[in-house]
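This report concerns only the one structure given below.
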Amino acid sequence: MLVTLATAGFCGLILFVLSLRVSQARGMARVSIGDGGDPLLIARMRAQANFTEFVPIILIMFGLIEVNLVPGGVGQLLLGITGILLVVVRIAHAMGMVTVTPPLSRKIGAGGTFLILLGTSIAALVLSARLHGLF
């Protein structure tokens, strides 16, 4: 599960940075619970929350798909490329969460995340059907 392990490691680092940024904004706004109505804190909390809403299920599907792929095959290569894309689009999304009007990076991040979620969901269903002998 090298692809899943590496992707999860990079995603963990992204979440670490997002969490630090929330803590920093809390300190600046002097808010310990909630958002205090502070726009910067709200934006950083949403970036962190959005990450935790999407990335875990994608990583779970990565792992389940990867353990059922032929090692070193085309499927593993595609999963590796998808892992790199996931890291890139999640960084883009986080960078785009600093303004009220979404910049292009946020749109790319959100759209890329949706496509990866859709793609891994379909891949998991197709692989499951194949493993169950449905085709």
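The values are calculated or read from the model by the stated rules, or taken from the named source; none is laboratory data. None of these values were measured; they are calculated from a predicted model. Reconstructed Cβ throughout: ideal geometry from the backbone, glycine too, with neighbour counts over all protein chains shown.
Side notes on the structure shown:
- Answer residue from segment 111-135, given it is closer than 20 Å to ALA47 by Cβ and without any contact (Cβ under 8 Å) to a residue 40 or more places away in the chain and is surrounded by the most Cβ atoms within 10 Å (Cβ to Cβ) among those: GLY112
- Pairs meeting the criteria (first residue in segment 15-29 and touching a residue at least 12 places away in the same chain (Cβ under 8 Å) and hydroxyl-bearing (Ser, Thr, Tyr), second residue surrounded by 17 or more Cβ atoms within 10 Å (Cβ to Cβ) and in a helix (DSSP H, G or I), beta carbons under 7 Å, at least 6 apart or on different chains) are SER19/GLN48.
- Within segment 22-46, the set of residues being part of a loop (DSSP other than H, G, I, E, B) and either within 18 Å of the chain's Cα centre (by Cα) or under 29 Å from LEU77 (Cα atoms) (or both) is empty.
- Flag for SER19 being assigned to a helix (DSSP H, G or I), more than 23 Å from GLY111 (Cβ to Cβ) and of a type in the set (Gly, Ala, Ser): yes
- Residues within segment 47-66 that are over 18 Å from ILE81 (Cα atoms), surrounded by fewer than 17 Cβ atoms within 10 Å (Cβ to Cβ) and touching a residue at least 24 places away in the same chain (Cβ under 8 Å), tallied: 1
- Residue within segment 2-10 that is surrounded by fewer than 20 Cβ atoms within 10 Å (Cβ to Cβ), β-branched (Val, Ile, Thr), within 28 Å of VAL126 (Cβ to Cβ) and modelled with pLDDT of 95 or more present: no
- Segment 67-83, residues that are touching a residue at least 24 places away in the same chain (Cβ under 8 Å) and either under 17 Å from the mean Cα position of the chain (by Cα) or within 30 Å of ARG44 (Cβ to Cβ) (or both): LEU79, GLY80, THR82, GLY83
- Filtering segment 99-110 to residues that are exposed (fewer than 15 other Cβ atoms within 10 Å of the Cβ) and either touching a residue at least 40 places away in the same chain (Cβ under 8 Å) or touching a helix residue (DSSP H, G or I) at 6+ places or on another chain (Cβ under 9 Å) (or both) leaves THR99, VAL100, PRO102, PRO103, LEU104, LYS107.
- Every condition in (1) more than 19 Å from ARG106 (Cβ to Cβ); (2) surrounded by 13 or more Cβ atoms within 10 Å (Cβ to Cβ); (3) at pLDDT below 95 holds for GLY72 except the one numbered (2).
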